[in-house]
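A.B. asks: To start, I am sharing the structure in question, which I have written as structure tokens.
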Amino acid sequence: MLLALLLDRTGTGLWAASSVLYFTFVLGLDAGRIGLLLGAAAVAGIAGSPLAGHLAGRFPVRSLLIGCHLLRLGTLGTLLVVTRFDVLLPLVAVTCLGDRAAKALEMLFATRVAGERRGTYQALARSSANAGYAVGAGIAAAGLVVGTPEAYRALILANALSFLAAAALVRRTREPRAEGRVAAAGAGAETGTVAAGTVAAGTGVAGVGVAGVGVAGVGVAGVGPAGDGDPGRTRAPSPWRDRGYLRFVLLDIPMSLDDSVLAVGLPLWLVAHTDAPHALVPAFLVINTVLVVVLQLRVSARFEQPRQAAAAVSVYGLTMLVCCLLLALSAGTGAVAASVVLLAAAGLVTGAELLRSVSSWELAVSLAPEEARASYLGVAGMAMSVQKSAGPLLLTGVVMTAGPAGWLALGAGIAVLSVVQRRSAVRRLDTVLTPPVPAPPALTPPTAPAPVPPAADAAPAG
């Protein structure tokens, strides 16, 4: 599975490094149409995670993940022969939809495979993903040096073939017993039948189907909370009606802004507001890749428990605050000083990424009810998709427009929201992780002792 993830991210690295240039130099699109393509793709990507979570509660995750890989194989293969913009637009959007859905399914699959050691697995997955991005970017750099239309098409084709190889590897991976489908189908039906049978046998009353009624501690689960009249089926909780979990997802959006700061904020701030050399921009990605590969396991081991993950949220906010402070201070300094400060900011934003990758994933799993984990994780995956759509606009349209004060305001805002997120998560963990108090046993009326028969050899009363 980790090898499949490596191949998937290698293809993604190829796409990220070459897609804009392919649209520009091969297809001849202007900046406005390219922006529309990428914007539509980002919007479509928001729907990928909840859609994947919804389907994962009904179908095997492995089959769905293979389907996402093959979907992207098909769209990218078609992209190589299409030149009309009205056809390119849905193709790129569906590609991004499949990409975000695949990431959510990989997260869910890892949760089921790794169990309580999901933090360690997540660290290995993050290291594999970053290594894949680096390999993909390196291959793309070699192709971009050639610069011919055939070289660009070869890069897109290599991306498509990476999904085919990933699908083949996923097919060879055994999927554990699904958690999301147990309560919704098999277990609910079986429990409802046993409970109804117990009621009928214990009380002599047939046809009792009221939820919550039971005998000897056995509840009747025949009717869901909506009373849909489907006996033997329990309705799983919906993340869209869970205000506490939706609050976590909403707050997780600003807790993911390190991604936009690294990819958009640092390079544009260097170019437009500092005297640092432009050749320093690739160093940001190098620092990020090396630190993630070297430190992800150590950070994950330190914050692998749910309450530790909640504490990591506050550390994330403090780290982002210091990073934004350094970015504010880099303006107006000399080239050497600005270079040192920006490299330090790149290290801090990478540290924030390490903390976020642990805390966000662990809390998304721990705060979700086990019987509906697939759909909950699908909704949780929307946070990163929304951030990828809105984060660059926030940085370019608000933060950098305001100058150093914008960075200070952004850092302070993230720090405050991180405290709110930590407190909210701890309160919910107290509810989710605290075992319920067992109900006292039901009192049964005393029964009269059975009469003792006289002994067979007893003398008659006289």
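The values are calculated or read from the model by the stated rules, or taken from the named source; none is laboratory data. Owing to the predicted nature of the structure, the values given are computational and were not obtained by experimental measurement. Heads up, the Cβs are rebuilt from the backbone with ideal geometry, glycines too, and the neighbour counts pull from every protein chain shown. These accessible areas exclude ligands, DNA and RNA; they are computed on the full protein's heavy atoms, side chains included. Shrake-Rupley method; radii C 1.70, N 1.55, O 1.52, S 1.80 Å.
A.B. asks: With the condition kept exactly as written, say whether any residue in segment 6-21 is open to solvent by 10 Å² or more (accessible area, probe 1.4 Å) and free of Cβ contacts under 8 Å to residues at least 12 places away in the same chain. If you could, list the steps in order and put the result at the bottom.
C.D. replies: Of the residues in segment 6-21, the ones open to solvent by 10 Å² or more (accessible area, probe 1.4 Å) are 6-7, 9-10, 12, 15-17, 20-21.
Of the ones still in play, those that are also free of Cβ contacts under 8 Å to residues at least 12 places away in the same chain are none.
The answer is no; no qualifying residue exists.
A.B. asks: Can you pull out every residue in segment 299-325 that is open to solvent by 40 Å² or more (accessible area, probe 1.4 Å) and at pLDDT 90 or above?
C.D. replies: Arg307, Gln308, Ala311, Val315, Leu318, Leu321, Val322, Leu325
A.B. asks: Let me ask something additional. Can you tell me which of (1) assigned to a helix (DSSP H, G or I); (2) modelled with pLDDT of 90 or more; (3) over 26 Å from the mean Cα position of the chain (by Cα) is the one Gly397 doesn't meet?
C.D. replies: (2)
A.B. asks: What residue, of Ala52, Ala44, is at pLDDT 85 or above and in contact with a Cys (Cβ under 6 Å, 6 or more places away or on another chain)?
C.D. replies: Within the list Ala52, Ala44, the selection yields Ala44.
A.B. asks: Another question, if that's okay. If the Cβ limit is 7 Å and pairs must be 6+ apart or interchain, which residue in segment 85-96 that is modelled with pLDDT of 90 or more pairs with which residue that is surrounded by 20 or more Cβ atoms within 10 Å (Cβ to Cβ) and β-branched (Val, Ile, Thr)?
C.D. replies: Cβ pairs passing all conditions: Leu91/Thr75; Val94/Thr75; Thr95/Thr75.
A.B. asks: Could you check how many residues of segment 29-50 are open to solvent by 60 Å² or more (accessible area, probe 1.4 Å) and either in contact with a Lys or Arg (Cβ under 9 Å, 6 or more places away or on another chain) or outside any helix (DSSP H, G or I) (or both)?
C.D. replies: Going residue by residue through segment 29-50, those that are open to solvent by 60 Å² or more (accessible area, probe 1.4 Å) are 30-31, 33, 36, 38, 43.
Going one step further and asking which of them are either in contact with a Lys or Arg (Cβ under 9 Å, 6 or more places away or on another chain) or outside any helix (DSSP H, G or I) (or both), we end up with 30.
Here the count works out to 1.
Residue by residue, here is whether (1) open to solvent by 20 Å² or more (accessible area, probe 1.4 Å); (2) modelled with pLDDT under 80 holds:
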site	(1), (2)
Pro237	yes, no
Val261	no, no
Pro267	yes, no
Ala276	no, no
Ala279	yes, yes
Pro282	yes, yes
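A.B. asks: Could you say whether any residue in segment 406-429 is at pLDDT below 90, over 30 Å from Leu262 (Cα atoms) and open to solvent by 90 Å² or more (accessible area, probe 1.4 Å)?
C.D. replies: No; the residues of segment 406-429 include none that is at pLDDT below 90, over 30 Å from Leu262 (Cα atoms) and open to solvent by 90 Å² or more (accessible area, probe 1.4 Å).
A.B. asks: Specify the residue that is nearest to Thr319 (Cα to Cα); the eligible residues are those in segment 231-274 that are part of a loop (DSSP other than H, G, I, E, B) and touching a Gly at 6+ places or on another chain (Cβ under 6 Å). Lay out the reasoning, then the answer.
C.D. replies: Restricting attention to segment 231-274, the residues satisfying the condition of being part of a loop (DSSP other than H, G, I, E, B) are 231-238, 242, 253, 257, 274.
Next, from what is left, pick out any that are touching a Gly at 6+ places or on another chain (Cβ under 6 Å): 231-235, 257.
Working: Pro231: 52, Gly232: 50, Arg233: 47, Thr234: 44, Arg235: 42, Leu257: 12 Å.
In this case the residue turns out to be Leu257.
A.B. asks: Which of the residues that make up segment 33-58 are within 29 Å of Ala372 (Cβ to Cβ) and basic (Lys, Arg)?
C.D. replies: Selection gives Arg58 alone.
A.B. asks: Taking segment 68-114 on its own, how many of its residues are open to solvent by less than 20 Å² (accessible area, probe 1.4 Å) and among the aromatic types (Phe, Trp, Tyr)?
C.D. replies: 1
A.B. asks: Inside segment 285-319, can you point out the residues that are of a type outside the set (Val, Ile, Thr) and over 18 Å from Leu124 (Cα atoms)?
C.D. replies: Residues of segment 285-319 that are of a type outside the set (Val, Ile, Thr), as a first pass: 285, 288, 291, 295-298, 300-312, 314, 316-318.
Scanning segment 285-319 gives Leu285, Pro306, Arg307, Gln308, Ala310, Ala311, Ala312, Ser314, Tyr316, Gly317, Leu318.
A.B. asks: Please go through segment 68-86 and pick out each residue that is assigned to a helix (DSSP H, G or I) and out of contact with any Leu (no Cβ under 9 Å at 6 or more places or on another chain). Explain how you work it out, then say what you get.
C.D. replies: Filtering segment 68-86 down to residues assigned to a helix (DSSP H, G or I) leaves 68-79, 85-86.
Scanning segment 68-86 gives Arg72, Gly74, Asp86.
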